[in-house]
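> The structure follows.
The values are calculated or read from the model by the stated rules, or taken from the named source; none is laboratory data. Please read these numbers as outputs of a predicted model, since none were measured by experiment. Quick reminder, even Gly has a Cβ in these numbers, built from the backbone with ideal geometry, and neighbours come from all protein chains shown.
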Amino acid sequence: MGRHERVAALVGDDLAGQAVADLGCGPGRTVRALLAAGPARVHALDRASGLDDDLLADRRVRSRLADLDDGLPLDDGVLDAAVSLNVVEHLAAPVDHLVDCHRVLRPGGRLVLAHSDWDTALFTSTDDALTRALVDRFAAAAAGPSTRSDGFMGRKLPALADASAAAGAPWELTAVDVWADPHRRFDDGSVAWKVATAVLAAAADDPSLAARAAGWLEDLRALARAGQFLFAVTDVAVVLERR
Ligand SMILES: C[S@@+](CC[C@H](N)C(=O)[O-])C[C@H]1O[C@@H](n2cnc3c(N)ncnc32)[C@H](O)[C@@H]1O
């Protein structure tokens, strides 16, 4: 079971008749995992239109382009559950966003708030010191298309939930889950390759790290070819029940 299936399982095994939402859905891997539990409706929200075609064609899926920083385009109390995976680090005001999530959930509805804690990224390499320096840089720097990031977001989720409760969104924190999926592949497009590529992007404005980064990538490729490669990152999920 991968991270998307784990997040969906925290929402529930039987979502028959329920309305759920994936907030910042990307291509929709969590949407697909949610559909397996039989909900009546999955609202797939993102500011970019990257939802996979089969999901766009699924009558249970309602794709909505929305900037979560502008508030959720949903009425009060319409959702039975919502999930958010690796999104809140990109938002301008994550606490306000959680207050808004509380608004759109019915009483007793669940929010599964999940995030990788990028500072825990683990790569097998032949140069541990370089890997440490690159991961430190990655955890500290904004990388990729977003100008906002937080390499320590996973471990901050319980505090974020608390802050939103203090801001007027009372939740019961019913579960905290932590896992790390193993990834052995390093071919282009694999999860490990995507994260390593983001690590390189974060090192780009540090000349001494950037000069060694291409060699680091080749090292990881060679280890994968030899069957010695492992990548993992700790994922954290909190399950919040709307009071
Ligand atoms: C790292 S991806 C995660 C995608 C998906 N949840 C997953 O785990 O595969 C972050 C997603 O958040 C979306 N996103 C970031 N900021 C956003 C915003 N302000 N409003 C809506 N979506 C946003 C991005 O477009 C992207 O699809």
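> Which condition number in (1) hydroxyl-bearing (Ser, Thr, Tyr); (2) more than 16 Å from the ligand (Cβ to nearest atom); (3) not in a strand (DSSP E or B) is the one that Thr147 fails?
(2)
> Going by the conditions given, is Asp128 charged (D, E, K, R) and within 16 Å of the ligand (Cβ to nearest atom)?
On the way: charged (D, E, K, R): yes; within 16 Å of the ligand (Cβ to nearest atom): no.
When the stated conditions are applied, Asp128 does not pass them.
> Of all residues in the stretch 8-35, which are surrounded by 24 or more Cβ atoms within 10 Å (Cβ to Cβ) and touching a helix residue (DSSP H, G or I) at 6+ places or on another chain (Cβ under 7 Å)? Lay out the reasoning, then the answer.
Here is the first cut: in the stretch 8-35, the ones surrounded by 24 or more Cβ atoms within 10 Å (Cβ to Cβ) are 8, 20-23, 25, 28, 30-31, 34.
Scanning the stretch 8-35 gives Ala8, Val20, Asp22, Leu23, Cys25, Gly28, Thr30, Val31, Leu34.
> Residues of the stretch 36-55 being outside any strand (DSSP E or B) and surrounded by fewer than 19 Cβ atoms within 10 Å (Cβ to Cβ), which ones? Reasoning before the result, please.
Our first condition is that a residue be outside any strand (DSSP E or B); within the stretch 36-55, this holds for 36-40, 47-55.
Once the filter is applied, which keeps residues that are outside any strand (DSSP E or B) and surrounded by fewer than 19 Cβ atoms within 10 Å (Cβ to Cβ), the stretch 36-55 yields Ala36, Ala37, Gly38, Ala40, Arg47, Ala48, Ser49, Gly50, Asp52, Asp53, Asp54.
> Have a look at Val78, Val95, Val61, Val42 and point out the one that is among the β-branched types (Val, Ile, Thr), touching a residue at least 40 places away in the same chain (Cβ under 8 Å) and more than 21 Å from Gly154 (Cα to Cα).
When all the criteria are applied, what remains is Val78.
> Out of the residues in the stretch 16-43 that are near the ligand (Cβ under 10 Å from one of its atoms) and of a type in the set (Gly, Ala, Ser), which is farthest from the chain's Cα centre (by Cα)?
Checked the stretch 16-43; the qualifying residue farthest from the chain's Cα centre (by Cα) is Gly28.
> With (1) of a type in the set (Asp, Glu); (2) more than 12 Å from the ligand (Cβ to nearest atom); (3) farther than 20 Å from Thr174 by Cβ as the list, and Asp13 as the residue in question, which single condition is left unmet?
Of everything listed in (1) of a type in the set (Asp, Glu); (2) more than 12 Å from the ligand (Cβ to nearest atom); (3) farther than 20 Å from Thr174 by Cβ, Asp13 misses just condition (3).
> Name the residue, out of Gly108, Gly77, that is part of a loop (DSSP other than H, G, I, E, B) and modelled with pLDDT of 95 or more. Lay out the reasoning, then the answer.
Details: Gly108 fails: part of a loop (DSSP other than H, G, I, E, B).
Of Gly108, Gly77, the one residue that is part of a loop (DSSP other than H, G, I, E, B) and modelled with pLDDT of 95 or more is Gly77.
> Picking from Ala165, Ala180, which residue would you name as being without any contact (Cβ under 8 Å) to a residue 24 or more places away in the chain and within 27 Å of Val31 (Cα to Cα)?
On the way: Ala180 fails: without any contact (Cβ under 8 Å) to a residue 24 or more places away in the chain.
Of Ala165, Ala180, the one residue that is without any contact (Cβ under 8 Å) to a residue 24 or more places away in the chain and within 27 Å of Val31 (Cα to Cα) is Ala165.
> For Val78, state whether it is crowded, with 18+ Cβ neighbours inside 10 Å and touching a helix residue (DSSP H, G or I) at 6+ places or on another chain (Cβ under 9 Å). Give the steps one after another, and end with the answer.
Numbers: crowded, with 18+ Cβ neighbours inside 10 Å: no; touching a helix residue (DSSP H, G or I) at 6+ places or on another chain (Cβ under 9 Å): yes.
Considered against the rule, which asks whether it is crowded, with 18+ Cβ neighbours inside 10 Å and touching a helix residue (DSSP H, G or I) at 6+ places or on another chain (Cβ under 9 Å), Val78 comes out as no.
> Right, another one. In the stretch 80-102, what count of residues is obtained for those that are assigned to a strand (DSSP E or B) and over 16 Å from Ala66 (Cβ atoms)? Outline the logic, then answer.
To start, the set of residues in the stretch 80-102 that are assigned to a strand (DSSP E or B) comprises 80-85.
Checking the rest, the ones that are also over 16 Å from Ala66 (Cβ atoms) come to 80-81, 85.
Qualifying residue count, the stretch 80-102: 3.
> Out of the stretch 103-124, which residues are crowded, with 21+ Cβ neighbours inside 10 Å and touching a Phe, Trp or Tyr at 6+ places or on another chain (Cβ under 8 Å)?
Leu111, Asp117, Trp118, Ala121, Phe123
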